[in-house]
1. Within a Cβ distance under 15 Å of residue 108, other residues only, what is the Lys/Arg minus Asp/Glu net charge?
2. Two decimals, Cα atoms only, Kirkwood Rh: what is Rg/Rh over the chain?
3. May I have the convex hull volume per residue, in Å³, for the Cα set of the stretch 138-195?
4. Once the piece of chain linking residue 190 and residue 42 is laid out straight, how much longer is it, given 0.36 nm per residue of separation minus the C-alpha distance between them?
5. Determine the relative contact order of the chain: mean sequence separation of Cα pairs under 8 Å and six or more apart, normalised by residue count, in whole percent.
6. Please compute the contact order of the stretch 130-238 in relative form: average sequence separation of alpha-carbon pairs under 8 Å and at least six residues apart, divided by the residue count, as a percent.
7. Going by Cα centres, the stretch 59-138 and the stretch 143-161 are how many Å apart?
8. At residue 108 and residue 151, where each label point lies 7 Å from the Cα along Cα→Cβ, what is the point-to-point distance in nanometres?
Amino acid sequence: MNLKACILPFVILLLLTGCEPSKSPTPSGDNKFQTILTDSKLNQWSGKDGYWRFEDGVLIGEITPDNILIENTFFIWEGNTGHDFELKADFRISQKGNSGINYRSEPVEGKEFMLRGYQADFDGSHKYTGNVYEERGRATLANRGEIVNLTNGTSSEVLARTGTQESLISKIDTTDNAWNQYHIIARGNSIIHLINGQVMTILMGDGVSNSAGNKLGFQLHLGPPMRVEFRNIQLKKL
């Protein structure tokens with residue numbers, strides 16, 4: 001069976017069933033989605049002192065000139081996403097920032113607040129926003145706009161595209177201090193990244209099962225001073 005012929009109708013169906021971009025990202029009305037970070041649930045999370053704070057319903061990660069970060073660090077949920085789930089989170093990031101949402105991840109032995117696994121990538125210039133990345137693993141697995149079949153190891157094939165770079169970047173609010181919404185769908189050996197309702201990237205194939213962790217975390221990337229924020233963090237187990 002021709003895999004390319006099979007995946008294209010699936011993508012078209014996905015785009016026609018509720019994946020339209022919204023002007024103002026808001027939490028889903030589906031009662032199966034549960035908000036997992038609030039004042040009362042803050043004790044279920046942990047992160048490196050001096051870099052993370054939670055204010056007025058917003059998680060803030062920040063590097064300052066007086067508080068430089070020498071390696072990536074994560075704000076980690078102590079709960080369990082399960083292998084199959086959907087996650088929604090609003091995010092915004094400073095112009096020089098680099099961050100991501102790690103999922104299907106596992107702790108790194110001997111490293112505090114460090115994760116290894118899949119990442120929904122994004123950055124202040126939006127060069128990488130929408131990519132599927134594997135932290136401490138195979139690096140970039142699918143770039144924005146790609147539908148990728150990943151086999152065991154590092155062999156991959158781009159089957160089709162979700163849109164042109166111009167059309168996809170137009171769905172991201174690139175203005176200063178703008179909020180955007182990430183929506184991650186992880187089911188079996190398929191991963192879908194959406195931003196503001198627009199499908200950005202699809203990763204599928206036997207190689208997707210290589211990362212089997214169930215930890216979730218938000219990344220603060222080493223580098224120059226930056227700020228990243230998250231709110232309306234919602235999880236639905238599938």
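Every number in this text was worked out from the coordinates using simple rules, so none of it is lab data. On a predicted model such as this, the values are computed, not experimentally measured, just so you know. Note that each Cβ is placed from the backbone with ideal geometry, even for glycine, and that neighbours are counted across all protein chains shown.
1. The answer is 0.
2. Looking at the chain, the ratio lands at 0.94.
3. Measuring per residue, one finds 98 Å³ for the Cα hull of the stretch 138-195.
4. 50.3 nm
5. Across the chain, relative contact order equals 33 percent.
6. 25 percent
7. Each part's Cα centre sits 22 Å from the other's.
8. If labels sit at residue 108 and residue 151, their model points lie 3.0 nm apart.
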